[in-house]
Structures are given as structure tokens and as C-alpha cells.
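Beneath this line is the structure, given in C-alpha cells, with notes to follow.
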Amino acid sequence: MNKDKIIIQMVWGILLVLAGIGVFIRIPQVMPQIEKMGSFSSMMVFVYFCFYLLGILLIGGGAKKLYDNYHKFQNNDQNSN
């Protein structure tokens, strides 16, 4: 993979991690509004679970992408020297 694609993938990984962190930051602000909706009030545990799972998956996927592409970037630099 060339260097530009690796950098783009690393930026994408950073954005995924930031989106996951944003989900965790936003959950306490949004959940009271969701609780006010009558249709979701009975299954709030499931809604909490889904939001936290989404955040974990975003952070995990971004971290994996960063880890993999960082090593490709390092190997690419060593091969070019």
C-alpha cells in the first residue's frame, strides 16, 4: 500500500476513535430526552446498551485501523531507507 493510502486510513481511524468518544460524551446528554419519549421508556436498558456498544465498536475499530496502518507505515518507511 502506498504512503498516501496509509495516511488516509490512519486519518479514518482517528475519526472513528473520535466518533466513539463523542458517543460516550453525548450519551448522558441525550438519554434524558430519550427517556421522555413514551415508546422508549420501557426499554431504556437496551437503549443504553446499544449506545455504549456503538461507542465501543467505533473506538475499537478505529484503534485497530490505527494499529494496523501504523505498522504498515513504519514498515514502509524502513523499506524506503
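Annotations for the structure displayed:
- Partner lysines whose Cα lies under 26 Å from the Cα of Lys64, excluding those fewer than 8 positions away in the same chain, are identified as Lys3, Lys5, Lys72.
- Cα-based helix-to-principal-axis angle, 3-36 vs the chain, degrees rounded to 10: 10
- Leu53 versus Asn75: modelled label distance in nm, points set 7 Å from Cα along the beta carbon direction: 3.3
- The stretch between Ala63 and Ile27, if pulled fully straight at 0.36 nm per residue, gains 10.9 nm over its current Cα-Cα span.
- Scaled radius of gyration (Cα, divided by 2.2 N^0.38 Å) that the stretch 3-71 gives: 1.41
- The stretch 58-64 - phi-based ³J(HN,Hα) in whole Hz, Karplus 6.51/-1.76/1.60, Gly and Pro as x: 5, 5, x, x, x, 5, 5
- Computed from backbone phi with θ = phi - 60° and the Karplus coefficients 6.51, -1.76 and 1.60, the 3J(HN,Hα) list for the stretch 46-52 is 5, 5, 4, 4, 5, 5, 5 Hz; x is used for glycine and proline.
Read-outs: derived from the displayed coordinates by stated rules, not from any lab. Keep in mind that what you see is a predicted model, and the values were worked out from it rather than measured. FYI the Cβ positions are ideal-geometry reconstructions off the backbone, even for glycines, and counts take in every protein chain you see.
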